[in-house]
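Structure, as structure tokens:
The numbers here are math on the coordinates, done by the rules we state, and not lab data. All values derive from a computational prediction rather than experimental measurement. No Cβ is skipped: glycine too gets one built from the backbone with ideal geometry, and neighbour counts run over all protein chains shown.
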Amino acid sequence: MATPLAKPAPRPDFPAMNAPPEATPFPDPVRLEADERHVHAGFLNKARRTLGRIPFTEDALAAYFCAIDPATPLSARATLFGALAYFVLPIDIVPDFILGVGYADDAAVILTAIKTAQAHIAEPHRNRARAWLRKERPPAG
């Protein structure tokens, strides 16, 4: 029998996967608090600055209003706050200033979060987003 050229790889140890659910909190309360702080501090200002330049503003606003709604389940809030924090924070996979593709990564992250939490983004959240847009958009003409 031939001697193997490499040692066999050790079996992976996934303690978090084997731990009881209460031992691995989701969402991480520290991460959620940080994301929530970043979103509260910068989301509406960034939405104002990008108005008319990104096609997903209304969806992002509806996600924001859903995330700040205390009736929204914690897991959906954490998902939405994480995606919105990615949009707000200046560190990006694709920098926002690159014309044509700068917001592609933000769109992917936000739209994935919206798809994940879509059952919780209700018509009142969408109505608040539309009302915010009507108030913030300069009149045409």
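Below is a table of values for the structure above.
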| quantity | calculated |
| --- | --- |
| Exposure proxy ranking, count of Cβ atoms within 10 Å, fewest first, for 28, 69, 35 | 28, 69, 35 |
| Kirkwood Rh, Cα atoms: Rg over Rh of the range 27-136 | 0.94 |
